[in-house]
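S.K.: One structure, as structure tokens, below. Some questions next.
The values are calculated or read from the model by the stated rules, or taken from the named source; none is laboratory data. Keep in mind the model is a prediction, meaning the values are calculated, not measured. Here the Cβ is made from the backbone with ideal geometry for all residues, glycine too, and neighbour counts use every protein chain on show. To get the accessible areas, we keep the full protein, side chains included, count just its heavy atoms, and leave off ligands, DNA and RNA. Shrake-Rupley method; radii C 1.70, N 1.55, O 1.52, S 1.80 Å.
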Amino acid sequence: MKPLSEKQVSRQRVIMLVDLDYFFAQCEEVRNPSLKDKPVVVCVYSERGGESGVVSTANYEARKHGVKSGIPISVARKRLVNVDAVFLPVDHEYYNRVSEDVMSILKSHADVFEQAGVDEAYLDVSERVEGDFDKAGELARRIKEEVRRSKGLTCSIGVGPNKLVAKIAADSQKPDGLTIVKPEEVQAFLTPLPVNRLVGVGVKTQSIMESLGVKTIGDLAGYDVQRLIELFGEKLGVYFHNASHGVDNRPVKERDEAKSISRISTLKEDTRDLDAIMRKAGELCGEICNELSRRRLRVKQVGIIVVAKDMSVYSRSKTLDPPTSDLEDLKKNVRELFEKLLGESGLEARRVGVRVSGLVKEEGQKPLRAFISRVE
Ligand code: TTP
Ligand code: MG
């Protein structure tokens with residue numbers, strides 16, 4: 001056999017997934033270390049007041065009592081009755097600042113960096129570790145140490161030959177975990193895990209698979225791919241087959257910077273009153289302006305979003321010439337848009353939102369690409 005030329009030898013890919021532990025709750029512990037030994041529950045309180053709302057996340061002390069993301073706050077209260085627990089409202093601005101600092105540390109250790117969420121990122125480190133998983137393990141330890149020293153946060157890292165394996169590896173040991181799965185270990189690592197550890201296998205798919213006798217990823221790997229295609233369609237069937245064998249060719253891709261910013265919020269009560277709407281919309285404009293000033297941006301378009309009482313959605317927008325980052329200017333334009341919309345329609349507003357786009361840098365005014373939106 002002819003030896004492979006240099007070009008034909010492609011480097012073994014080494015991918016990391018870094019996921020911060022119980023992120024929002026850990027941020028709260030960092031700013032108030034006296035919370036450390038108590039159950040901490042970070043809540044998204046409904047704007048309709050009282051105790052209604054859901055748990056955003058909880059620290060591991062609270063998780064011992066069955067408190068986790070997504071459950072109603074009232075249920076969390078019941079599970080923590082007679083326990084010295086702390087309930088706090090979400091503070092996205094603070095978590096975003098922490099996240100940005102951590103992401104810049106992670107980025108500095110990657111050949112290619114892809115932020116995948118507020119507290120997680122994929123790092124392609126193939127080149128810098130020369131395809132060597134032992135070196136990748138050392139790098140992961142250094143990253144954990146740097147994040148801990150500089151921000152006081154622990155994270156869990158998965159290292160694998162692709163994104164799929166790295167993600168499942170990171171999830172398999174938390175908190176403060178480090179799980180390295182070398183290419184030759186992939187199948188043995190995946191085989192015993194339940195199928196719902198694969199992205200795309202939700203409750204429904206899991207129960208269909210279970211009825212076929214497919215409980216583990218190993219069972220799925222042994223299942224006939226043609227049957228999977230018949231059952232789930234070509235795309236999903238092939239995906240399940242490949243995923244169960246730990247095959248995933250998706251590259252780690254840099255994300256573009258944000259192209260728009262939006263905020264949406266629920267009114268205390270449904271209304272058509274422009275002043276009442278503007279009290280909420282004005283706050284949203286304020287949040288957006290803060291973000292614009294932090295990122296030194298101005299906007300060329302402003303829009304409004306209304307979710308009406310009957311859940312129908314309306315939106316309107318207009319162009320601002322010249323671009324602005326001024327709060328009063330933004331509020332004036334948002335008010336005009338709401339006034340016009342209310343004049344055109346008999347809607348009663350339940351939720352209102354503000355969205356700005358066409359973001360340009362204060363200096364030089366270069367357009368930015370991509371998209372950020374946050375709905376609370
Ligand atoms: P995750 O990384 O899914 O969760 P986590 O960091 O809280 O916990 P883990 O130790 O298991 O990684 O989500 C990151 C943040 O996103 C989380 O801290 C809060 C927020 N979040 C919600 O607001 N609602 C949700 O349902 C989930 C899953 C997360
Ligand atoms: Mg996390």
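S.K.: If a residue counts only when it is within 16 Å of ligand 2 (Cβ to nearest atom), which strands (runs of 3 or more DSSP E) contained entirely in the range 1-116 have at least 2 such residues? Before the answer, list the steps.
M.R.: Numbers: elements: 15-20, 40-45, 53-58, 86-89.
Ranges flagged: 15-20, 40-45, 53-58.
Residues checked against (1) at negative phi; (2) of a type in the set (S, T, N, Q); (3) surrounded by fewer than 16 Cβ atoms within 10 Å (Cβ to Cβ):
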residue: F24; (1), (2), (3): yes, no, no
residue: R31; (1), (2), (3): yes, no, yes
residue: V81; (1), (2), (3): yes, no, yes
residue: S99; (1), (2), (3): yes, yes, no
residue: D111; (1), (2), (3): yes, no, yes
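S.K.: Could you please tell me which pairs satisfy a Cβ distance under 7 Å, a separation of 6+ or placement on different chains, a first residue in the range 149-169 that is without any contact (Cβ under 8 Å) to a residue 60 or more places away in the chain, and a second residue that is open to solvent by less than 10 Å² (accessible area, probe 1.4 Å) and of a type in the set (G, A, S)?
M.R.: Matching pairs, first to second residue: I168/G158.
S.K.: Applying the selection to the range 41-60, what residues are within 15 Å of ligand 1 (Cβ to nearest atom), free of Cβ contacts under 8 Å to residues at least 60 places away in the same chain and more than 15 Å from P175 (Cα to Cα)? I'd like the intermediate steps shown before the answer.
M.R.: The initial filter retains those residues of the range 41-60 that are within 15 Å of ligand 1 (Cβ to nearest atom), namely 41-46, 53-60.
Then drop every residue that is not free of Cβ contacts under 8 Å to residues at least 60 places away in the same chain, which leaves 41-43, 45, 53-59.
Those that are within 15 Å of ligand 1 (Cβ to nearest atom), free of Cβ contacts under 8 Å to residues at least 60 places away in the same chain and more than 15 Å from P175 (Cα to Cα): V41, V42, C43, Y45, G53, V54, V55, S56.
S.K.: Of everything in the range 119-139 that's more than 16 Å from ligand 1 (Cβ to nearest atom) and among the small types (G, A, S), which residue is nearest to K253 (Cα to Cα)?
M.R.: S126
S.K.: Filter the range 121-153 down to the residues that are in contact with a helix residue (DSSP H, G or I) (Cβ under 8 Å, 6 or more places away or on another chain) and closer than 19 Å to D101 by Cα and list them by number.
M.R.: Passing the criteria: A121, Y122, L123, I143, E146, V147, S150, K151, G152, L153.
S.K.: For residues in the range 242-262 being open to solvent by less than 50 Å² (accessible area, probe 1.4 Å) and modelled with pLDDT of 95 or more, which is nearest to A110 (Cα to Cα)? Can you show your working first?
M.R.: To start, the set of residues in the range 242-262 that are open to solvent by less than 50 Å² (accessible area, probe 1.4 Å) comprises 243-244, 246, 248, 252, 258, 260-262.
Now drop any that are not modelled with pLDDT of 95 or more, which leaves 243-244, 246, 248, 252.
Values: A243: 25, S244: 27, G246: 22, D248: 19, V252: 10 Å.
That would be V252.
S.K.: Looking at the range 88-99, is at least one residue within 18 Å of I143 (Cα to Cα) and either within 16 Å of ligand 1 (Cβ to nearest atom) or not assigned by TED's automatic domain parsing to the domain that holds D270 (or both)?
M.R.: Keep residues of the range 88-99 that are within 18 Å of I143 (Cα to Cα), which gives 98-99.
If we keep only those that are either within 16 Å of ligand 1 (Cβ to nearest atom) or not assigned by TED's automatic domain parsing to the domain that holds D270 (or both) as well, we get 98-99.
For the range 88-99, residues within 18 Å of I143 (Cα to Cα) and either within 16 Å of ligand 1 (Cβ to nearest atom) or not assigned by TED's automatic domain parsing to the domain that holds D270 (or both): present.
S.K.: Picking from M103, M16, which residue would you name as being touching a Leu at 6+ places or on another chain (Cβ under 6 Å) and within 16 Å of ligand 1 (Cβ to nearest atom)? Spell out how you get there, then give the answer.
M.R.: Values: M103 fails: touching a Leu at 6+ places or on another chain (Cβ under 6 Å).
Just a single option satisfies the conditions, and that option is M16.
S.K.: Quick check, is K215 of a type in the set (K, R), free of Cβ contacts under 8 Å to residues at least 12 places away in the same chain and over 30 Å from A349 (Cβ atoms)? Show your work before the answer.
M.R.: Working: of a type in the set (K, R): yes; free of Cβ contacts under 8 Å to residues at least 12 places away in the same chain: no; over 30 Å from A349 (Cβ atoms): yes.
So K215 does not fit the description; no.
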